[in-house]
1. With just the Cα atoms defining each centre, how far is segment 27-48 from segment 215-243? Give it in Å.
2. Quick one: compute the contact order of segment 3-147, relative version, from alpha carbon pairs under 8 angstrom and 6+ residues apart, as a percent.
3. In terms of the Cα gyration tensor, with a ≥ b ≥ c the square roots of its eigenvalues, is segment 222-290 rounded because a/c is under 1.5, prolate because a/b exceeds b/c, or oblate?
4. About its Cα centre, how strong a charge dipole does segment 159-332 have in debye, to the nearest 20, once Lys and Arg get +1 and Asp and Glu get -1 at the Cβ?
5. Order by neighbour count: 121, 89, fewest other Cβ atoms within 10 Å first, most last.
6. Is the C-alpha gyration tensor of the chain telling us rounded, prolate or oblate? Criteria: a/c under 1.5 is rounded; beyond that, a/b larger than b/c is prolate, otherwise oblate.
7. Between residue 178 and residue 281, what FRET efficiency comes out of the Förster formula 1/(1 + (r/R0)^6) with R0 = 30 Å and r the beta carbon distance, rounded to 0.05?
8. With only Lys, Arg, Asp and Glu charged, each at its Cβ (+1 for the first two, -1 for the last two), find how big the charge dipole of the chain is about the Cα centre; round to the nearest 20 debye.
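Rule-based calculations on the coordinates, nothing more; no lab input. As the structure is a prediction and not an experimental result, all values here were calculated from the model. In this analysis, Cβ positions are derived from the backbone assuming ideal geometry, glycine residues included, and neighbour counts consider all displayed protein chains.
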Amino acid sequence: MNLLQKIAFSGTRPQNLLGALNISPDNRLKLQADEASKEGYFERAIELYEKALLINPENSSIFLPLAKTYKFNKDYPNAIKYFEKVLKLEPENVENRTLLGECYKNNGQYSKAKLEFETVLGQRPNYDFAKRNLLETENYMLALIDPQKARIQKQTTAQQNLNEAVKLACSFFPRRFFKDMQDIVVSFNKTASMGGRANIAQYEHNKREITVMDDYVYASPVLVASYIVHENIHAKDNDPYTSIREEQDAYRKQCEFWIKHGNGVEDPEMDFVVGLYKKSAEDLDRRVAEVYRLRDKNIPETSYNHPPTNKKIAATVSLSGGAKTLKAYDIIA
């Protein structure tokens, strides 16, 4: 799941005090757990979900958010336990089956992981989430037999993927866009975490580097390119500041790229974001603002080049009637 999906759990907020009073004790705990997980407090969320299940073991609405939270917390055996419960109820759900496969893969159960991914691809051949996981799992299996061959194969795939992705991303922008950006480098690597979840991609201003998380080495190049497009919006500013408006512009541009170049590739992250954008760009903007305010309560509304102007705006913004100095980010996700 992407940044916009990750905070969307199945619980709903009570609409009023009367509604809150009528919630059962197990669902009251679930709502509290949903909020804790959204904010990255995974151990607290797990504790609350498990307490809710002690009250009502048949509350199946808890299984999926608990499985995801265990996965975020890298407790794969327990994540597997609850994803298996979810799939007994919804065996056709390809995203949840892929998430189960990821847990098997991360837990070293490669044969089980491979079976889950192949099952998904039998239903949805263009489902990139399962496809990239299958290829990575096969590489892990090869590493058990021939580590050097597996390493070379992954390095070769990464270089080919990145070359194609960068070409696609660059072709999307007018040539003048890249003025003063010739020093930007792009790589696969580990990425920083915010709110307990790793960034899919990030721009590091102090290094002038765009990094795509190395889980995407086997992703479709067009998917990798969409994240490079997003990060290019950050890099274009040539400053270390980000803002709600800048993130909104980056997501809009990423959606425009995906609509033009996606070519039938299916990905839950991009499908979710583009679905919002197609409904209306304003719906996407609202979702982006909601998520980034949750991740950083001090994020400003605007920054140097967002909204774009003929000259840079001052490095302060007005918040609640007062001036606040913009926060400098080493990493702009």
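1. First find each Cα centre; the distance between them is then 31 Å.
2. Details: 153 pairs, mean separation 19.3, N = 145.
Normalised by residue count, the contact order of segment 3-147 is 13 percent.
3. Numbers: a/c = 2.42, a/b = 1.28, b/c = 1.89.
Oblate, because a/c is 1.5 or more while a/b does not exceed b/c.
4. Values: 24 positive and 25 negative charges, 111 e Å.
Using only the charged Cβ atoms, the result is roughly 540 debye.
5. On the way: 121 18, 89 11.
Lowest count first: 89, 121.
6. Numbers: a/c = 1.98, a/b = 1.13, b/c = 1.75.
Taking the square roots of the gyration eigenvalues as a ≥ b ≥ c, the chain is oblate.
7. Details: r = 25 Å, r/R0 = 0.82.
E between residue 281 and residue 178, to the nearest 0.05, is 0.75.
8. Values: 47 positive and 45 negative charges, 84 e Å.
Magnitude of the dipole: close to 400 debye.
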